[in-house]
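The values are calculated or read from the model by the stated rules, or taken from the named source; none is laboratory data. Quick caveat: nothing in here was measured; it's all calculated off a predicted structure. When we count neighbours, we look across all protein chains shown, and the Cβ atoms used for this are built from the backbone with ideal geometry, even at glycine.
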Amino acid sequence: MKPVEVIGIDVSYGAKKILETISLHVEKGEILGIIGPNGAGKTTLIKAMSRIVAPENGEIHLNDRNLDSFSFRELAQKIAVVPQGFSISFDYTVRDVVMMGRHPYIGRLSSATPRDLEICDHVMRLANVTHLAASSVNEISGGERQRVLIARALAQEPRILLLDEATSNLDISHRIEILNIIRDLSTEVTVISVFHDLNLAAYYCDRLIMLKDRRVFAAGEPQDVLTQETIHAVYGIDVLVKTHPLTGKPYILPVYGHTPDRQPRRGVHVTCGGGTGSDLLYALHREGFRVSTGVLNLLDTDYATATALGIPCITEAPFAAISSDARAALRQRIDAAHAIIVTAMPIGPGNIENIRILKDYPDKPIILLCGGVSPSFEDHTGGEADAIIRELLGRGAVRAGRIDEVLRILKAMD
């Protein structure tokens with residue numbers, strides 16, 4: 001039983017389509033991040049999951065029950081929403097605002113019970129606002145006000161916590177403070193949150209949903225969603241994606257000072273090794289192509305070049321054959337690329353999978369960077385590599401003798 005499941009919903013405001021065939025789910029105790037550029041539909045998705053807006057098609061289920069079947073009081077006992085901020089014209093105290101979260105449990109003509117007061121005190125301690133209890137919400141800082149909103153939401157005792165960019169207007173210290181509070185709640189509460197900051201999303205979220213043009217563009221764990229290719233495709237910027245040395249999570253570095261082309265170069269995957277790809281990697285990077293490479297072992301010169309240039313590289317341990325995980329990553333890179341370039345590298349049993357996999361892509365443009373009439377690859381596989389290269393040539397792979405020829409071929413594809 002999944003706490004929340006969204007099944008093929010469409011949402012429109014009048015004649016304007018905002019979300020289209022959106023499907024997702026969240027697991028119990030998980031932090032699911034929703035990311036994407038402005039106008040992608042992130043806030044609308046949160047509103048749909050909290051029943052502020054109604055989908056015109058599809059369904060949203062809460063614990064296998066259709067969201068529409070809940071009364072407003074029932075729903076408020078299951079789902080709480082933390083917005084970006086709020087404005088209150090009356091001079092309520094922090095305690096008054098937090099106690100508003102108990103309204104789904106208190107009858108219209110009833111008073112707060114000792115349990116209601118106990119819960120209010122408890123959530124104020126969790127959100128670190130107990131010392132502000134008697135203060136006016138209009139006299140505290142923005143970070144303190146967001147903590148008050150979290151306390152109010154937690155007072156509802158929800159099973160699902162929805163955050164609509166709840167930290168986007170705060171400085172970095174307050175963002176981290178609030179996200180740490182939310183992360184500590186994840187054993188009790190399932191969290192779905194909109195993020196603008198991709199690095200915070202990568203660190204705090206178990207999985208990410210990336211939206212583009214009203215649809216889900218990518219979904220999965222942060223390292224699978226936050227790649228150079230997906231960020232370029234969705235946000236239109238060039239970035240370097242690294243692994244944080246302390247957290248092991250991906251972190252994103254924008255390539256400042258580089259203005260994306262009006263018609264950005266397409267993606268290219270380079271299959272190389274033994275130093276045969278370094279000059280080509282430099283040339284492709286300089287020309288503005290979105291490049292990936294691998295599978296390379298960690299001692300390979302081409303790996304050092306790719307790392308220096310910030311080019312995504314699939315790696316394997318030295319002297320190890322290509323594993324199933326590396327092969328799956330290789331397939332993702334090839335799927336995302338418009339063309340593949342294979343350099344005249346030595347091919348043995350350990351790396352032959354790099355070209356063997358290309359037999360699965362009969363319609364993908366392939367360029368062989370090698371001189372002469374024969375395939376000119378060092379074949380240490382007893383003839384299998386040579387046979388694969390000849391098969392690729394027979395299916396239409398293009399031979400290029402120099403890097404400038406490769407560039408001309410690629411630019412002609414744009």
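Take HIS285 and decide whether it is part of a strand (DSSP E or B), under 27 Å from the mean Cα position of the chain (by Cα) and in contact (Cβ under 8 Å) with a residue 24 or more places away in the chain.
Values: part of a strand (DSSP E or B): no; under 27 Å from the mean Cα position of the chain (by Cα): yes; in contact (Cβ under 8 Å) with a residue 24 or more places away in the chain: yes.
No, not satisfied.
In the range 147-170, the residue that is surrounded by the fewest Cβ atoms within 10 Å (Cβ to Cβ) out of those that are closer than 23 Å to ARG95 by Cβ and among the basic types (Lys, Arg) is ARG147. For the range 4-81, which fully contained strands (runs of 3 or more DSSP E) count at least 1 residues that are at pLDDT 90 or above and surrounded by fewer than 17 Cβ atoms within 10 Å (Cβ to Cβ)? Of the strands (runs of 3 or more DSSP E) lying wholly inside the range 4-81, those with at least 1 residues that are at pLDDT 90 or above and surrounded by fewer than 17 Cβ atoms within 10 Å (Cβ to Cβ) span 4-13, 16-26, 57-62. Within the range 72-97, being among the basic types (Lys, Arg) and over 34 Å from the mean Cα position of the chain (by Cα) holds for one residue alone: ARG95.
Figure legend. Inter-residue proximity from the range 301-321: first residues farther than 14 Å from THR243 by Cβ, second residues loosely packed, with under 14 Cβ neighbours inside 10 Å and at pLDDT below 90, beta-carbon distance below 8 Å, spacing 6+ or different chains. Indicated pairs: GLU316/LEU298; ALA317/LEU298; PRO318/LEU298; PRO318/LEU299.
Looking at the structure I just gave you, is ILE367 of a type in the set (Val, Ile, Thr) and assigned to a helix (DSSP H, G or I)? Break it down into steps so the answer makes sense when it comes.
Values: of a type in the set (Val, Ile, Thr): yes; assigned to a helix (DSSP H, G or I): no.
In short, no.
Taken over the range 152-164, residues that are farther than 21 Å from LEU200 by Cβ and in a helix (DSSP H, G or I) amount to 2.
Annotation for the range 177-198: at least one member residue is assigned by TED's automatic domain parsing to the domain that holds GLU20, over 18 Å from VAL81 (Cα atoms) and under 12 Å from the mean Cα position of the chain (by Cα). When LEU299 is tested against (1) of a type outside the set (D, E, K, R); (2) in a helix (DSSP H, G or I); (3) loosely packed, with under 13 Cβ neighbours inside 10 Å; (4) modelled with pLDDT of 85 or more, just one condition goes unmet, and that condition is (2). Only one entry of ALA201, ALA218 meets the criterion of being free of Cβ contacts under 8 Å to residues at least 24 places away in the same chain and either crowded, with 20+ Cβ neighbours inside 10 Å or within 22 Å of ALA151 (Cα to Cα) (or both), and that entry is ALA218.
Inspect the range 152-174 for any residue being modelled with pLDDT of 90 or more and farther than 23 Å from VAL26 by Cβ and give the result as yes or no. No: zero hits.
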